[in-house]
Each structure stands twice: as structure tokens, then as C-alpha cells.
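Data first, discussion second: the structure below is written as C-alpha cells.
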Amino acid sequence: MKGIIVAAGYGTRFLPVTKTIPKEMLPLVTVPSIQFIVDEFVASGVTDIVIISSRRKKVLEDYFDREVELEAVFTAEGKTAQLEKIRPPAANISFVRQQRMLGTGHALLLVRPWIGNEPCIVAYPDDLHFGKVPLSAQLVKEWETSGASVMASITVEGDVSRYGVLDLAEDGRHVRGIVEKPRAGTEPSHEVSIGRYLYTPEFFDLLEQGWKEHCAEAEKQGKSAGEYFHIYALNRLMSAGKVVYCHAEGERLDTGEGAGYLGAILRYADTQSDLRAVIDEYLKVRT
């Protein structure tokens, strides 16, 4: 099983900081968001990882490389705790650059030769997960019993009009489709998709087929190929009854926009005793 992190986008919701700093490097206090995804993969036994980036994001490659100078300083000073903090993950991490921003479907096709004929887990760094069992491990367990592609989901009570909502089959396990931002009262369920998927090799066959059709249609209209998204192949797998969902056990943190990112920082800080004290002191002053 291999892991893919899609991290090539512009991150415009976080301008101006993302003019020079990749959104995936924005930290929860001291730990970059993308580190949590890599840690999740490794904890799930997924140690072959490819990160899809772009030319503006070389710092991602530097971050997951060794920092030789600091290693030498910390070793000489016997600072083992600091050494551990800068140690690269126990994983084989590769990078592929998406040179043209043509959507997630195009981005995923760039790594198809690297995947080979095996399932893979795709992560979008806007969604972080904290829990006893890593989210990727939960998807793998579901795949082992179903043999199908797997979508991660959470239950949202009340209004789901901001989400992609799962239309579930009668068996309560398979997904027939995704309804994007349904009007209140028209939602097919309250189970909503989040940014973690396990895809079988068939997904990439369909993705490539769709890309060819996408390009042919653009050429027919005398236009350049615009953005192409993964939903093309996912829709076809769902129509064929080859997608199940996995309700994510644990806590999902949405770092895709400012308010969610701030909430993620606070929730993560609340798990660290030294940082929790700062939050408690702030709340005491505010009240």
C-alpha cells in the first residue's frame, strides 16, 4: 500500500502568507500540517509516500530532508530531544511536481507510474485526523473486508449544505453517489465526505480514460484542457457499486480555511499540557 498527498494547489484562502509559504507548511503551533498526514501514513504501515507539489513549494522537499548542520550541533551538545524533533520520518518520501494547475485528476495521473498495480491512499492536507486508530489504517481495514475503493466520511448533524453528502445504497455500506451542497431537506444522508480515500487500481484506469475524453472534448471546441478532477473516475466506480464508505472514528480537523485552521490549532494545543495552560490562562482573563 502506498500513500499520495495532493499538495500542489495555490492555497489562496490563506493569502498573503501562502504567497511564499505553502499552505501545507502552516503549523499547528510548531508542527506543519503536512507532518500530521505523513505521521498518519507511517502509523498505518504506509511508508512509501509521494507528495504532489508545484514549483512554488520546494520548502516541502527541504522539510522532509535531513538538516545536517543542526544534527551536528545537537549531537555535539547531546540534545537528544531536539535531534528527535528534526529527524526525517521513517518513510520513503518522493516528490512529483504538477507543472500546470489542471486539477486533482490530472495531478493524480502524474503519479500513476509510481503506484503500479496496487491500491493506494490519497490524502488532502486540509483534513487532519486525531484518534487511537489512524484514519488510513481504518480505510485499509475496510478495503480488506470489501475489496472496494473506500471513502472516509464523518456524520454532520443539522445543516449539511456546505458539504459533499453521501448517497448510500440500501445495504448501508456502498456509496451510490455524492450530492454536492444539497439544499436543506434534500440531503440523501448526513454522512459527508472528507479528504481521505483508498483507491483500487481500477480508479486510475477510469481516471486516464476520463482525461483522454476531457482533452478530446477541449480540442473539439478549440480550447486548451482546463481543470480535470478525480470525481470523474470516482463517479464511475460508485455507479458500478465499487465504492464503500468508512465512518472515521476519531476527530477530524478542517484546516482548509481560516476559522477551521484556528480551531485546529486550539484543539491540538489543548492536547499538549504546556499549551493547554496558556489557553486556560487566556480564558480566565477573558472571563
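The values are calculated or read from the model by the stated rules, or taken from the named source; none is laboratory data. Source: prediction; values computed, not measured. All Cβ positions, even for glycine, are placed from backbone atoms using ideal geometry, and neighbour counts span all protein chains on display.
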Self-check item: Number of the exception - Thr47 against (1) among the polar types (S, T, N, Q); (2) under 23 Å from Phe229 (Cα atoms); (3) crowded, with 16+ Cβ neighbours inside 10 Å
Solution: (2)
Exercise. Kindly provide the set of residues from the stretch 38-58 that are touching a Ser or Thr at 6+ places or on another chain (Cβ under 7 Å) and in a loop (DSSP other than H, G, I, E, B), ordered by number.
Key: Ser44, Val46
Quiz item: When both residues are 6+ apart or on different chains and their Cβ atoms are under 6 Å apart, which pairs have a first residue that lies in the stretch 234-247 and is on the phi > 0 side of the Ramachandran plot, and a second that is part of a strand (DSSP E or B) and of a type outside the set (A, V, I, L, M)?
Solution: Gly241/His174
Practice problem: Find all pairs meeting these conditions: Cβ atoms under 8 angstrom apart; at least six residues apart or on different chains; first residue within the stretch 147-172 and among the charged types (D, E, K, R); second residue part of a loop (DSSP other than H, G, I, E, B). | Solution: Glu157/His190; Asp159/Ala184; Arg162/Lys181; Asp167/Pro188; Asp167/Ser189
Quiz item: Mind checking which residues of the stretch 134-166 are more than 20 Å from the chain's Cα centre (by Cα) and farther than 22 Å from Asp254 by Cβ?
Solution: Glu144, Thr145, Ser146, Gly147
Exercise. Find the strands (runs of 3 or more DSSP E) located wholly in the stretch 86-172 whose residues include 3 or more that are farther than 25 Å from Gly226 by Cβ, and list them.
Key: 92-97, 127-130, 149-155, 164-168
Exercise. Provide a single number: the residues in the stretch 119-159 that are surrounded by fewer than 17 Cβ atoms within 10 Å (Cβ to Cβ) and closer than 19 Å to Leu206 by Cα.
Key: 1
Exercise. Would you be able to tell me the number of residues in the stretch 205-261 that are acidic (Asp, Glu) and either within 30 Å of Pro27 (Cβ to Cβ) or touching a Ser or Thr at 6+ places or on another chain (Cβ under 6 Å) (or both)?
Key: 5
Quiz item: Of the numbered conditions (1) farther than 22 Å from Tyr268 by Cα; (2) buried (at least 20 other Cβ atoms within 10 Å of the Cβ); (3) out of contact with any Phe, Trp or Tyr (no Cβ under 7 Å at 6 or more places or on another chain), Gly103 satisfies every one except a single condition; which is it?
Solution: (3)
Quiz item: In this structure, is Val175 more than 27 Å from Val42 (Cα to Cα), touching a Leu at 6+ places or on another chain (Cβ under 8 Å) and modelled with pLDDT of 95 or more?
Solution: yes
Practice problem: Would you mention how many residues in the stretch 175-202 are crowded, with 16+ Cβ neighbours inside 10 Å and out of contact with any strand residue (DSSP E or B) (no Cβ under 6 Å at 6 or more places or on another chain)? | Solution: 1
Quiz prompt | Within the stretch 180-218, considering residues that are of a type in the set (Lys, Arg) and outside any helix (DSSP H, G or I), the one farthest from Leu253 (Cα to Cα) | solution = Arg183
Exercise. Inspect the stretch 17-40 for any residue being over 18 Å from Gly250 (Cα atoms), surrounded by 20 or more Cβ atoms within 10 Å (Cβ to Cβ), in contact with an Asp or Glu (Cβ under 6 Å, 6 or more places away or on another chain) and touching a residue at least 60 places away in the same chain (Cβ under 8 Å) and give the result as yes or no.
Key: yes
Quiz item: Looking at the stretch 233-269, which of the residues that are among the hydroxyl-bearing types (Ser, Thr, Tyr) and in contact with a Phe, Trp or Tyr (Cβ under 8 Å, 6 or more places away or on another chain) is surrounded by the most Cβ atoms within 10 Å (Cβ to Cβ)?
Solution: Thr255
Quiz item: With respect to Ala91, is the statement that it is in contact with a strand residue (DSSP E or B) (Cβ under 9 Å, 6 or more places away or on another chain) and surrounded by 20 or more Cβ atoms within 10 Å (Cβ to Cβ) true?
Solution: no
